[in-house]
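Novice: Before I ask anything, here is the structure I am working with.
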Amino acid sequence: SRKVLSYRERGDLCQHPVARQLFSIMEKKKSNLAVSADLCTAEQVLQLADQVGPHICMLKTHADIMTDFSTEFVQSLTELADRHQFIIFEDRKFADIGSTVQHQYRDGLYHIADWAHLTNAHALPGSGVLEGLKQVGLDKKRACLLIAEMSSKGNLATGDYTKATVKMAEEHKDFVVGFISQSQLTEDPTFIHMTPGVQLSGSGDGLGQQYVSPWDAVVTRRADVIIVGRGVYKDPDPASAAQRYQTAAFEAYQHRLAN
Ligand code: 5BU
C-alpha cells in the first residue's frame, strides 16, 4: 500500500487556506482531536474552549442550541481560537436549496459565515447547496465539509449516496475541504476526513448514537480528525479528558504513519 503522508505534507498539498491552517495546527500541537462543545450557554462553551484549547485542533459548535448567543460570545470565542490556535467549526448541517442556505449561512441570528472558519452541509439537495454557500463563504475564505456518512443507527447516508457525495466534493474543491464520515472515502490527500461518534468508554447513548474508540476511528477507519463531545465535556475534568483523547488519537495517527 501507498505511503501514508504526514499532516504537514498534506497541508503543503492543499490550496485552501483553512485546510492548510488546520493541517499546520494538527502538526504543531500534535492534535487530531476536535471537541464538540454541545453546551447551551455562552459561559459554558467559552469555559470549555479555554480548558480544552491546548489539546485540540478544532472546536465544533452548535450555535442554535445556545440560549444566549451574542456578538460578544463570537468575539470571545474568536479570541480563544487565536490564543489557543484552533479552528472554529459550526456543525450547521445545511440541507436546503441554494437560495435558502445562503441566508441561513449569512443572515439570521447567527451570521455563521462571519465567525465559523468551517461549516458543513448535507449533499441531499444537490450541488445547489454548495453554490449557495459558496457565494457567501468564498470571499470570506471559509471552507465546508460534506456529510458523506453519519454515526447514527439506521442513517441513510450509505452506498451510492456516499459515493455521489464524494463526487460532489471533488467538483467543488475551491470550497469543500473534506468530509464528515465513518471511513476513508478517497485517496486524495487534500481531503480531510473527520469522524464523530467517538468515545473511550461507551458504545451508544440510547438515542441512536454509535461510538467507536479513537484507535478504531483513526487506524481502522482512517479518520484524520476525531470529534468528541460528551466523552470530554461530561467528564468532571474536561482538560484531562481532552488530553487523554488527544494522546489516544495522535498515537493512533503515528501508528498509521509508521506502518
Ligand atoms: P457526542 O457527545 O460525542 O456523541 O457528540 C457528537 C457530536 O457530533 C454531536 O454534536 C453531533 O451533532 C455530531 N455528529 C454526530 O454525532 N454524528 C454524525 O454523523 C454527525 C454529527 Br454528521
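A short reminder: the numbers here are calculations on the coordinates, not readings from a lab. Note that the structure is a prediction, hence the values are computed from the model and not measured. Note: ideal-geometry Cβ built from the backbone for every residue, glycine included; neighbour counts use all protein chains shown.
Novice: Here are the criteria: (1) farther than 17 Å from Val198 by Cβ; (2) under 14 Å from the mean Cα position of the chain (by Cα); (3) among the small types (Gly, Ala, Ser). Tell me which single one Ala49 does not satisfy.
Specialist: The number of the failed condition is (2).
Novice: Looking only at residues that are more than 15 Å from the ligand (Cβ to nearest atom) and either outside any helix (DSSP H, G or I) or among the polar types (S, T, N, Q) (or both) in segment 201-223, which one is surrounded by the most Cβ atoms within 10 Å (Cβ to Cβ)?
Specialist: Arg222
Novice: Gly178 versus (1) in contact with a strand residue (DSSP E or B) (Cβ under 7 Å, 6 or more places away or on another chain); (2) more than 25 Å from Glu27 (Cα to Cα): which is the lone unmet condition?
Specialist: Evaluating Gly178 over (1) in contact with a strand residue (DSSP E or B) (Cβ under 7 Å, 6 or more places away or on another chain); (2) more than 25 Å from Glu27 (Cα to Cα) leaves (2) as the failure.
Novice: Further question: Count, please, the residues in segment 224-250 that happen to be in contact (Cβ under 8 Å) with a residue 24 or more places away in the chain and away from the ligand (no atom under 16 Å from the Cβ).
Specialist: Going through segment 224-250 one residue at a time, the tally reaches 3.
Novice: Could you please find all residues in segment 127-141 being in a loop (DSSP other than H, G, I, E, B) and closer than 18 Å to Trp115 by Cβ?
Specialist: Of everything in segment 127-141, those that are in a loop (DSSP other than H, G, I, E, B) and closer than 18 Å to Trp115 by Cβ turn out to be Leu138, Asp139, Lys140, Lys141.
Novice: Scan segment 138-195 residue by residue and report those that are touching a residue at least 24 places away in the same chain (Cβ under 8 Å) and among the aromatic types (Phe, Trp, Tyr).
Specialist: Tyr161, Phe175, Phe179
Novice: Next question, about the same structure. Any idea which residue in segment 11-40 is surrounded by the most Cβ atoms within 10 Å (Cβ to Cβ), counting only those that are hydroxyl-bearing (Ser, Thr, Tyr) and farther than 15 Å from Val177 by Cα?
Specialist: Once the filter is applied, the top-ranked residue is Ser31.
Novice: I've got another one for you. Taking into account only those residues within segment 111-132 that are away from the ligand (no atom under 16 Å from the Cβ) and surrounded by 18 or more Cβ atoms within 10 Å (Cβ to Cβ), which is farthest from the chain's Cα centre (by Cα)?
Specialist: Among them, the one singled out is Gly132.
Novice: Name, by its number, the condition in (1) in a loop (DSSP other than H, G, I, E, B); (2) away from the ligand (no atom under 12 Å from the Cβ) that does not hold for Glu149.
Specialist: (2)
Novice: Given Lys167, Lys153, Lys163, Lys173, which one is of a type in the set (Lys, Arg) and closer than 24 Å to Asp12 by Cβ?
Specialist: On inspection, the qualifying residue turns out to be Lys173.
Novice: Within segment 91-100, identify whether any single residue is of a type in the set (A, V, I, L, M, F, W, C), farther than 22 Å from Ala217 by Cβ and within 16 Å of the ligand (Cβ to nearest atom), and answer yes or no.
Specialist: yes
Quick grid of which residues meet (1) of a type outside the set (Ser, Thr, Tyr); (2) under 22 Å from Asp114 (Cα atoms):
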residue: Lys3; (1), (2): yes, no
residue: Glu9; (1), (2): yes, no
residue: Val18; (1), (2): yes, yes
residue: Ala37; (1), (2): yes, yes
residue: Asp50; (1), (2): yes, yes
residue: Gly53; (1), (2): yes, yes
residue: Asp64; (1), (2): yes, yes
residue: Thr78; (1), (2): no, yes
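Novice: Restricting to segment 108-140, count the residues that are under 20 Å from Val166 (Cα atoms) and touching a Lys or Arg at 6+ places or on another chain (Cβ under 8 Å).
Specialist: Looking only at that region, the number is 5.
Novice: Tell me, please, whether a residue that is within 28 Å of Val136 (Cβ to Cβ), within 12 Å of the ligand (Cβ to nearest atom) and not in a loop (DSSP other than H, G, I, E, B) can be found in segment 168-184.
Specialist: Yes, segment 168-184 contains at least one residue that is within 28 Å of Val136 (Cβ to Cβ), within 12 Å of the ligand (Cβ to nearest atom) and not in a loop (DSSP other than H, G, I, E, B).
Novice: Would you mind listing the helices (runs of 4 or more DSSP H) fully within segment 9-126 where at least 1 residues are under 23 Å from Ser240 (Cα atoms)?
Specialist: The qualifying helices (runs of 4 or more DSSP H) are 17-29, 42-52, 71-84.
Novice: So which of Gln75, Gln104, Gln85 is without any contact (Cβ under 8 Å) to a residue 12 or more places away in the chain and away from the ligand (no atom under 16 Å from the Cβ)?
Specialist: The conditions single out Gln75.
Novice: Counting just the residues of segment 152-164 that are part of a helix (DSSP H, G or I) and of a type outside the set (Asp, Glu), which one comes out surrounded by the fewest Cβ atoms within 10 Å (Cβ to Cβ)?
Specialist: Gly159
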